[in-house]
Structure formats: C-alpha cells, structure tokens
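Undergrad: Have a look at the structure that comes next, please.
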Amino acid sequence: MPDWTSQIDHLRLTRAEGVGPVTYRRLLDRYRTPAAALDALPRLARAAGRTSAIMSRADAEQELQRTYDLGGRVVFLGDPGYPPLLALLDDAPPCLVFHGDAPLAQQRCVAAVGGRNASANGQRMAEALAAELAQSLVVVSGLARGIDTAAHQGAMRTGRTIAVIAGGIDQPYPPENADLHRRIAGTNLLVTEAPIGTVPQARHFPRRNRIIAGLSLGVVVVEAALRSGSLITARFAQEAGREVFAVPGSPLDPRARGGNDLIRQGAVLVESAADVLDNLPLAPAEPRPRRSGICEQAELSGLGVAPVASEARRQVLDLLSPEPTLVDDLVRRCQLSPPVTVAVLLELELAGRVETLPGSRVALLPDAID
C-alpha cells in the first residue's frame, strides 16, 4: 500500500461537511496543514452549533485505492501537477481526479463549448475549429452530446483534448459517449472534481463549467441558447479574466441567440480558427490573486481566544440575504471588527448557513432564512 498519509488528510478535508473550495483554502491558510485543519473542525462546528461530519481515514484510503485501481490520479490544490490557470480561481477545486495524460493540464488550453441539440452545421463548425486549434493548443470541452462531442472529435484528429466531466471517472455520460470517454482517458485526459462512483446530476454541471473556463485562456462558444450551460461557462471565463469568443449564427435559430448575444456584449466574433489564435492572450487579462491570509486575521474558537459570540452571529445573519454581498460591505455595516466578521462567516459556512462565492462575496443559503 502506498504511503498516502498526506493525500488522505487532504481528501478528508475536501470531503468534510461544510467545507467548500473557498473554505478549504481559508482553513489551510490558517492552519497550514490539512491534519491541523481536521483537528480544528470539530471545535469550529461546535462553535457554530452543530456536529461535524468528517470522512474516516479508511473511507479516504478506499476512495484513493479505487481511483488508482482504475488508472486515475488525485491532485490537490498546491500540488506541482495542479493546473496553474485553474489555481487562480477563488473557488478552484481543492481536489481533482485525472485519468489519462496528466501533463496536458499544464499546457496552453482553449475551450470549445456549445449546445447539446446542435445543428449539423454547428457540429461541423465546432469539429473544424477544434481540429485547427488543436494543432497548437489543447482543446478543452465538457464531453456532452452535440458541440462538445464534435470539439473533442475534431481535436483528436490533429492534436490533444481534455474532457472535463461532471461525474466520476468511472461514470461515462451521456451513455452514447462511453466509447469517446474511454478513448480520451486512454490517449488524452479526463478531469473531474467528483469522487469515483459519482453519477452526474444537474447541480454538478455548473461546477464542471467553471473548471472548463478555469483551465483555458479563452472559451469559444458555438451555438448556445440564451439560457444554457455554455453561457454559464462564458460568464465564468469573463469573471476569471479569460477571453470569450463566439461563432455567429442565424437570428432565426434560437440555438444561436446566446452566441450572438455574447458578440453584442463584446465577445470576439469567430469565423475561423485564426480569429481565436490572433486574439488569444498569453495569460489571463486580470489573474485573480489567491485570497490568502483571510483566516489569519480571525482568532477562531479553539485557538486560545474566546469563541464568536451569538450576538455577533445574529448581526451578520441579519445583514445577509440570498443575494450575494461583498464581505467588505458586510464588515462596514455590521459594526464588528474584520477578524470577528471573518470568523463568524467561517463558522456559518461550516454550519451550512451561508455560501462563500468568488469575488469575496457571501450569500445566505435558503434553508438558513428564518
């Protein structure tokens, strides 16, 4: 059995109840090691009025063993093999599972995404674009039917591709792409943040979309409706300082309205791969720095200082709503010191009452509304 001590600690922290990507990073900023953060979690949970659910070492070891038995590899945020562009996101996944040629995630990437119910022309365009782009870049997509499938197939004709999936590496989705799933794992790269055995559900796909955007210097949208996952990917790309491209389509085709709207908003119009290559930056326009040190400001319960008072929690909760609020605005209005405010937010997040969002924002979860 390999020595997985560090990986087991990291995995247990990522799977702990109430620990999302932002909280994971904050805990490591404060406690330095996953083992120390795991030791602190029960105290933090009690201060927030609940018990903590932490994965057992045996379950973590079993998950790692199953992943490696299938040919997968687990990479944690901060590891040398973690994709550098993805690490710039405020909510970068703490844990990724790779299946295939892991170094592909270190190369320059561009994403090509679009609708599942794509037209024949849209699929042909996506395949041709990906085939030309893959001669100098790694093409990233989401392994969905339609445009994604065409992009992967085109890229594999001339170069390399990364498929970011919403479920476990052992769960091909959609079923008709099972063979493509296997081919990409065998010769290219599958990437997911989902544990082995996870069956994709609707709530997993926006999380997958942020990984597609985070891996890439730019995102090309081919045929996307006004309300589609592809536009979510484009929005993630814009927020992360990545370039957004769109292939124009007929105004009579609802499948083209999302892409046309992106062009109206300033996306680069794409008629050929040259339009992408000529406008793709060497680095993100405004890389977001890691928000380190936030937890270092907070004197949390169990560290030799008094726990956060219930009145402080009430002040913060009264100011929050399901609409995201900037943490800086919260600090200004709650009449608490920044360290106390941050400590309250961390406790509330671990208790499942608030959600920390990219851009140093926080929102009250619906179940937490009195």
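Undergrad: Once the convex hull of the C-alpha atoms of segment 197-269 is built, how many Å³ does it hold per residue, rounded to a whole number? Mind dumping the intermediate values first?
TA: Numbers: hull volume 6.3 nm³, N = 73.
Spelled out: Cα convex hull of segment 197-269, divided by residues, is 86 Å³.
Undergrad: Now for a separate question. Count charges around Val268 for me, please; just the other residues with Cβ under 15 Å from its Cβ, Lys/Arg as +1, Asp/Glu as -1. The partial results should precede the final answer.
TA: Numbers: positive: Arg242, Arg264; negative: Glu243, Asp261, Glu271, Asp275, Asp278.
It works out to a net charge of -3.
Undergrad: Can I ask one more? Given H placed on each backbone N at 1.01 Å, which residues far from Val140 in sequence or on other chains put an amide H within less than 5 Å of it?
TA: Val110, Ala111, Ala112, Ile162
Undergrad: Helix-only mean residue ellipticity at 222 nm, the chain, DSSP H runs n ≥ 4 weighted -39,500 (n - 2.57), per residue, nearest 500. What is it?
TA: Values: 15 runs with 156 residues, N = 370.
Calculated from helices alone, the mean residue ellipticity at 222 nm is -12500 deg cm²/dmol.
Undergrad: For segment 61-110, what number results from the quotient of the Cα radius of gyration and 2.2 N^0.38 Å?
TA: Working: Rg = 11.6 Å, N = 50, 2.2 N^0.38 = 9.7 Å.
Rounded to two decimals, the normalised Rg is 1.19.
Undergrad: Something else about it: For Phe245, enumerate residues with amide H under 5 Å from its amide H, sequence gap 5+ or separate chain, H modeled in the peptide plane.
TA: Val219, Val220, Val221, Val268
Undergrad: For the chain, with every protein chain kept in place, what is the accessible area per residue (1.4 Å probe, Å²)?
TA: That works out to 43 Å² for each residue.
Undergrad: Can you work out the base-10 log of I(q)/I(0) for segment 100-142 at q = 0.18, 0.24, 0.33 1/Å, using the Debye formula on its C-alpha atoms alone?
TA: -0.56, -0.85, -1.18
Undergrad: State, to one decimal in nm, how far the label point of Arg73 lies from the label point of Gln335, with both points 7 Å from Cα in the Cβ direction.
TA: 5.6 nm
Undergrad: Something else about it: So how do 215-228, 92-105 stack up, highest first, on mean other-Cβ count within 10 Å?
TA: Values: 215-228: 25.4, 92-105: 22.1.
Descending mean neighbour count gives 215-228, 92-105.
Undergrad: Between Ala273, Tyr31, Ala105, whose Cα lies farthest towards the positive end of the dipole of the chain when Lys and Arg beta carbons carry +1 and Asp and Glu beta carbons carry -1, centred on the Cα centre?
TA: Sorting the options by dipole projection puts first Tyr31.
Undergrad: How much of the DSSP bridge set in the chain is antiparallel, in percent, rounded to the nearest 5? Mind dumping the intermediate values first?
TA: Details: 15 of 35 bridges.
So the antiparallel bridges amount to about 45 percent of the total.
Undergrad: Any idea what angle helix 338-350 forms with the longest principal axis of the chain, computed on alpha-carbon atoms, 0 to 90 degrees, nearest 10?
TA: 70 degrees
Undergrad: Residue-wise, which Karplus ³J(HN,Hα) couplings in Hz belong to segment 62-69, taking 6.51 cos²θ - 1.76 cosθ + 1.60, θ = phi - 60°, and x for glycine or proline?
TA: Karplus values, whole Hz, x for Gly and Pro: 5, 4, 4, 5, 5, 5, 5, 5.
Undergrad: Once the mean 1/r over all distinct Cα pairs of segment 51-179 is inverted, what Kirkwood radius in angstroms do you read off?
TA: Working: mean 1/r = 0.0622 Å⁻¹.
Kirkwood radius, segment 51-179: 16.1 Å.
Undergrad: Share of Cα-Cα pairs in the chain beyond 28 Å, in percent? Write down the numbers at each step before the final one.
TA: Details: 31934 of 68265 pairs.
Percent of Cα pairs beyond 28 Å in the chain: 47.
Undergrad: Where in segment 110-135 is the amide nitrogen less than 17 Å from a point lying 7 Å along the Cα-to-Cβ axis of Leu252?
TA: Of the residues in segment 110-135, 119-122 have backbone N under 17 Å from the label point off Leu252.
Undergrad: Roughly speaking, what is the stretch gain from Arg57 to Ala102, that is 0.36 nm per residue apart minus the C-alpha to C-alpha distance, in nm to one decimal?
TA: Details: separation 45, 0.36 × 45 = 16.20 nm, distance 2.60 nm.
Extra length from Arg57 to Ala102 when fully extended: 13.6 nm.
Undergrad: Apply the Karplus curve 6.51 cos²θ - 1.76 cosθ + 1.60, θ = phi - 60°, to the phi angles in segment 104-115 and return the couplings in whole Hz, x for Gly and Pro.
TA: 4, 6, 8, 8, 5, 10, 9, 9, 10, 9, x, x
Undergrad: Work out Dmax and Rg for segment 1-70 from the C-alpha atoms and quote the Rg first, both in angstrom.
TA: Both quantities, over Cα of segment 1-70: 12.6, 40 Å.
Undergrad: To the nearest 20 debye, what is the magnitude of the charge dipole of segment 100-279 about its Cα centre, counting +1 on the Cβ of each Lys and Arg and -1 on the Cβ of each Asp and Glu?
TA: Using Cβ point charges on Lys, Arg, Asp and Glu, segment 100-279 gives about 400 debye.
Undergrad: Compute for segment 310-368: radius of gyration divided by Kirkwood radius, i.e. Rg/Rh, restricted to C-alpha atoms, rounded to two decimals.
TA: Details: Rg = 10.0 Å, Rh = 11.0 Å.
Expressed as Rg/Rh, it is 0.90.
Undergrad: Looking only at segment 215-229, which residues have a backbone nitrogen under 14 Å from a spot 7 Å from the Cα of Ala87 in the C-beta direction?
TA: 215
Undergrad: Right, another one. Please compute the alpha carbon radius of gyration of segment 100-279, then divide it by the globular-protein estimate 2.2 N^0.38 Å. Two decimals is fine.
TA: Numbers: Rg = 14.5 Å, N = 180, 2.2 N^0.38 = 15.8 Å.
Scaled against compact globular proteins, the figure is 0.92.
The values are calculated or read from the model by the stated rules, or taken from the named source; none is laboratory data. Keep in mind that what you see is a predicted model, and the values were worked out from it rather than measured. So basically every Cβ, Gly included, is an ideal-geometry build from the backbone, and we count neighbours across all protein chains shown. Just so you know, the surface numbers come from the protein's heavy atoms only, side chains and all, with ligands and any DNA or RNA stripped out. Shrake-Rupley method; radii C 1.70, N 1.55, O 1.52, S 1.80 Å.
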